[in-house]
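Right, one structure below, let's go through it.
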Amino acid sequence: MTSVVDFDCAVISQEMVLPDVIKIVFHSPEIASSAKPGQFVQVEPSKGLFPVTRRPVTINRLTDDGFELLFDVVGRGTELMSQKQPGDKVRILGPLGNGWDLTKGKKWLLIGGGLGAAGFQFLKDSISDSVLLIGASSKDRVVSLENSIVVTEDGSVGSKGLVTALITEENLANADSIAVCGPVVMMEAVWNAVPEKHRHKLQISTESRMGCGWAVCDGCSIPMSDGGYKKCCKEGPVFPGIEIDWKRWKEAGL
Ligand SMILES: Cc1cc2nc3c(=O)[nH]c(=O)nc-3n(C[C@H](O)[C@H](O)[C@H](O)COP(=O)(O)OP(=O)(O)OC[C@H]3O[C@@H](n4cnc5c(N)ncnc54)[C@H](O)[C@@H]3O)c2cc1C
Ligand code: FES
């Protein structure tokens, strides 16, 4: 039986850091003490009837006695979450899922797309040697992370172009592990840009529409290259890139 724990977490602070992007810090020594980079939490948007299900958000970084989330306001659930104020108590389930596999070596190449780069702060805090590439549509979508190389589609910050243009044989060869997080189309473009000899290093942080978040509803399946499926919430969200059936995943949409 899966063991999941639900907590009442107090909001410590809340601010809009980019247009429609909210950073919120929760007090929760329990979640902070057991969370691993790449894991997520399920947040209850409101005590009311709607939305019925929680909303999954990656743990962006740990604080002294809690954790930080960074999320886009895209619908009713995240809109309600954005209205939380310091002192409010929010029901949060977590930490959930499997994060980044830190056992594959010390040197990391991190490739983030838009807000997908958010969770990299926690990973960067847990490793000593990393190169970080961030691609976004414009400066309004760039998560500020130290020592990152940034590229934007409109050239409003960094050079103009796509993040795949920053991928070189040198940074692929130097890396023991390559972490990728962003929209599915961006992650697929990275997968296609990485030569086959380096693909075994790719770790992909997947996303799926979720119900429960702890493997009971079957709502979050990711198609695998062996023809089967794995649950994003329990066996993921991070999977080796070579295990994913990219064609079926993209066709499935979200
Ligand atoms: C493991 C995991 C980690 C996540 N981490 C983050 C994070 O750190 N920051 C962040 O901003 N978002 C994150 N998401 C996405 C976030 O959960 C959704 O944006 C949120 O659930 C939308 O809820 P809503 O009620 O506001 O919007 P809805 O009304 O449910 O949907 C509004 C729009 O958002 C799209 N959407 C809904 N769910 C997802 C999803 N899972 N992925 C992509 N698009 C979605 C819908 O297709 C629709 O177009 C994560 C999702 C997963 C599965
Ligand atoms: S969200 Fe319910 S099984 Fe994954």
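What follows draws every value from the coordinates through simple rules; no lab data is involved. Computed from a predicted model, the values in this text were never measured in an experiment. Counting neighbours? That spans all protein chains shown, and the Cβs are built from the backbone with ideal geometry, glycine included.
Could you state the number of Å between the C-alpha centres of the range 208-222 and the range 38-109?
16
Measure off 7 Å from each Cα along the Cα-to-Cβ vector at LYS47 and ALA215, then give the distance between these two points in nanometres to one decimal.
3.2
Per-residue HN-Hα couplings for the range 108-113, Karplus 6.51 cos²θ - 1.76 cosθ + 1.60 at θ = phi - 60°, whole Hz, x for Gly and Pro?
Karplus-based 3J(HN,Hα) across the range 108-113 equals 10, 10, 10, 10, x, x Hz.
Grab the beta carbon distance between ASP6 and MET224, set R0 = 25 Å, and tell me the FRET efficiency rounded to 0.05.
Efficiency at R0 = 25 Å is approximately 0.25.
At LYS36 and ASP125, where each label point lies 7 Å from the Cα along Cα→Cβ, what is the point-to-point distance in nanometres?
In this crude label model, LYS36 to ASP125 measures out at 1.7 nm.
Helix-only estimate, please: 222 nm mean residue ellipticity of the chain, summing -39500 (n - 2.57) across DSSP H runs of length 4 or more and dividing by its residues, to the nearest 500.
Rounded to the nearest 500, it is -4500 deg cm²/dmol.
Please grab the % of Cα pairs in the range 107-252 that end up more than 22 Å from each other.
39
Taking R0 as 35 Å, what's the FRET efficiency between ASP176 and ARG248 from their Cβ-Cβ distance, rounded to 0.05?
In this case the efficiency is close to 0.75.
Just to check I understand the Karplus step: with θ = phi - 60° and J = 6.51 cos²θ - 1.76 cosθ + 1.60, what whole-Hz values come out for the range 214-229, glycine and proline as x?
Rounded to whole hertz, the list is 9, 6, 10, 9, 6, x, 10, 5, 10, x, 10, 5, 7, x, x, 9.
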